[in-house]
Amino acid sequence: MSDNPADPVEAFKKVMEKGGEAQKDLARQFSSFQTDAMQNYFTMLKGMSFYNAMFKTTVQSGGRISIPEAERQALDIEDGDLVQVIVIPIERKKRKEG
């Protein structure tokens with residue numbers, strides 16, 4: 001084998017080596033990004049589960065909803081406290097046609 005930089009076989013080998021290293025670097029970076037994303041996701045879920053409650057309730061007249069007593073006690077929610085609500089409709093009540 002030749003160490004001549006003009007040798008096309010040697011040039012091809014060097015390009016292939018550099019390409020392989022670039023692929024390894026990309027795989028390492030992607031793996032690190034994926035690990036960080038999963039850790040952030042689990043941290044978010046953990047935070048949501050410690051200070052939150054999930055329950056189903058019915059919308060009352062005027063759009064009012066009630067927080068069940070057990071959840072109010074567990075989260076120490078009192079009259080006048082400000083809470084954040086995320087609404088996910090489960091099913092619509094069928095309206096009577098008439």
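Values for this structure:
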quantity	calculated
Filter result for SER66 (at pLDDT 90 or above and either surrounded by 10 or more Cβ atoms within 10 Å (Cβ to Cβ) or among the β-branched types (Val, Ile, Thr) (or both))	yes
Pick from the range 69-95, criterion free of Cβ contacts under 8 Å to residues at least 24 places away in the same chain and β-branched (Val, Ile, Thr), ranking: surrounded by the most Cβ atoms within 10 Å (Cβ to Cβ)	ILE77
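The values are calculated or read from the model by the stated rules, or taken from the named source; none is laboratory data. From a predicted model like this one, the values you see are computed outputs, not experimental measurements. Please note: Cβ atoms are built from the backbone with ideal geometry, for glycine as well, and neighbour counts cover all protein chains shown.
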